[in-house]
Amino acid sequence: MARYVAIVIALFVAAFIPLLVVLEWAGWRLGATIPLSTIASEQSQTERVVWLGSFKDYAPYKLERIKRVQPEVLLVGSSRCGQARAQMFRPYVAYNACLTAWPLTHVVDFIDRATRVAKPRIVIVALDYFLFGDFLAEAWQKERTMDFSQGLDSHRRKLHDVADFVIRNNGDRDAILAAVTAPQTEPVDGNRLVGTEAIRGKFGFRQDGSVMVAPPYRRIADETLSRGPQYVTSSFPGAPQLSERQFGEIERLSRLAHERQFQVIAIQYPFLESAAAFLDTNESYWPYSGIWRDLKSEQTANRFARLGISFFDMSRTQTSQDPNNFFDPAHPSERGMLKTYLALLEKPDFAKYLPRIDRSSLAADLDRGQNEQFDLYH
């Protein structure tokens, strides 16, 4: 019996080890198991690399980039600010660390981590009305926790991503072999794709931390934009009033800013006009749009001011009126982001923090890409 068990174990090991070796080799070739610090270093050497891996690795990857970039201006938040480009802040060194934190507790925690490895002068936070609802905050707290440990469990998860990559390619031998043996590039700028999600989706995070709009989102943008109110209400559950528990995280951020000596600028970025109008005027949704009204109120603005936080509500501006400034009702495109910052720079209370930005130069950027919805900067 003992001999039989030994034979079974030997056969299992004989089969498993070669499989593991192949999986490890494929993981390295796809960029799934390359250390995030290595990817961050490579992006410091060239802007021609785009990375995207597992969702849980977004924040630790961007933390590695922050160590190397040492930005003067740091953007933090959800996907709502993902299209902001470093060029919009020139001559300041800026890094887009959005898509790292959704609930406010994660926002503050990430800023805490980031300001331990860098010393930004300004931290721009994407601060939206829906962040002040407890229901959504609790759901995101569970679903969107990042993996900062990057230990053995993380490595196993990345090997699983490799296996998942094979499965999602339906076992297409030619496609899989091409992915592991030859450089893969995205279709917009021809940048090399690193990571299973980048290779499969043909998009990812650029050198400046901004994220490309994925090809499927580009294809369905017109249809998605036509569903402004439905998109916002289905994506972001409302609440009758701003949660004091969530506002406590803003107070924690204020204390951190005072301790680390950085200025917090909070921005509610534009929504498509139809979505903003619904939140403003729809009486049936009134009980759920209380947080929308509270965030826009003078009382809340005064609370921010007392905490030393400059809040700018850009949720419904001229930018909101043009669908070409968005790729869905809640996400401004690069064009929408540039228009937002051009509008902000007209405000003395914002411009005073970034006095060296040449607004006319940014306006020229907009003119050069006047027919471009998604990619102004190539």
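The values are calculated or read from the model by the stated rules, or taken from the named source; none is laboratory data. Here the structure is a predicted model, which means the values were calculated and not measured. Note that each Cβ is placed from the backbone with ideal geometry, even for glycine, and that neighbours are counted across all protein chains shown.
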Among the numbered criteria (1) without any contact (Cβ under 8 Å) to a residue 24 or more places away in the chain; (2) assigned to a helix (DSSP H, G or I); (3) touching a strand residue (DSSP E or B) at 6+ places or on another chain (Cβ under 8 Å), which one does Arg218 miss? (1)
Within the range 258-286, can you find the residues that are in contact with a Pro (Cβ under 9 Å, 6 or more places away or on another chain) and of a type in the set (A, V, I, L, M)? Leu272, Ala275, Ala276, Ala277, Leu279
By residue number, the members of the range 142-183 that are at pLDDT 90 or above, under 30 Å from Tyr377 (Cα atoms) and touching a Lys or Arg at 6+ places or on another chain (Cβ under 7 Å) are Met146, Pro183
Failed criterion for Gln70 (all others in (1) at negative phi; (2) at pLDDT 95 or above; (3) surrounded by fewer than 23 Cβ atoms within 10 Å (Cβ to Cβ) hold): (1)
Looking only at the range 262-289, filter to residues that are in contact (Cβ under 8 Å) with a residue 24 or more places away in the chain and surrounded by fewer than 18 Cβ atoms within 10 Å (Cβ to Cβ); which one of those is nearest to Leu75 (Cα to Cα)? Gln263
Of all residues being closer than 24 Å to His258 by Cβ and under 23 Å from the mean Cα position of the chain (by Cα) in the range 319-350, which is surrounded by the most Cβ atoms within 10 Å (Cβ to Cβ)? Just the residue, please. Leu344
Index of the failed condition, Ala182 passing every other in (1) in contact (Cβ under 8 Å) with a residue 24 or more places away in the chain; (2) more than 30 Å from Pro91 (Cα to Cα); (3) not charged (D, E, K, R): (1)
Looking at the range 289-310 only, could you name the residues that are among the hydrophobic types (A, V, I, L, M, F, W, C) and either under 16 Å from Gln246 (Cα atoms) or in contact with a Leu (Cβ under 6 Å, 6 or more places away or on another chain) (or both)? Ile291, Trp292, Leu295, Ala301, Phe304, Leu307, Ile309
Under the condition of being of a type in the set (Gly, Ala, Ser) and part of a strand (DSSP E or B), which residue from the range 232-279 is nearest to Pro71 (Cα to Cα)? Ala266
Can you find a residue in the range 191-206 that is buried (at least 17 other Cβ atoms within 10 Å of the Cβ), closer than 30 Å to Phe130 by Cβ and of a type in the set (A, V, I, L, M)? yes
Does Gln261 satisfy the criteria of being of a type in the set (S, T, N, Q), within 18 Å of Phe130 (Cβ to Cβ) and in the same structural domain as Arg121 (by TED's automatic domain parsing)? no
Mind counting the residues in the range 15-54 that are outside any loop (DSSP other than H, G, I, E, B) and either modelled with pLDDT under 95 or farther than 24 Å from Arg144 by Cβ (or both)? 22
Of the residues Ala305, Ala266, Ala276, only one is in contact with a helix residue (DSSP H, G or I) (Cβ under 8 Å, 6 or more places away or on another chain) and more than 16 Å from Phe132 (Cα to Cα); which? Ala276
How many residues, within the range 223-238, are of a type in the set (D, E, K, R) and in contact (Cβ under 8 Å) with a residue 40 or more places away in the chain? 1
Exactly one condition in (1) in contact with a Ser or Thr (Cβ under 6 Å, 6 or more places away or on another chain); (2) basic (Lys, Arg); (3) crowded, with 18+ Cβ neighbours inside 10 Å is false for Arg316; which is it? (1)
Based on this model, can you work out whether Gln370 counts as surrounded by fewer than 16 Cβ atoms within 10 Å (Cβ to Cβ) and either of a type in the set (Lys, Arg) or assigned to a helix (DSSP H, G or I) (or both)? no
Selection status of Pro187, in contact with a Gly (Cβ under 7 Å, 6 or more places away or on another chain) and assigned to a loop (DSSP other than H, G, I, E, B): no
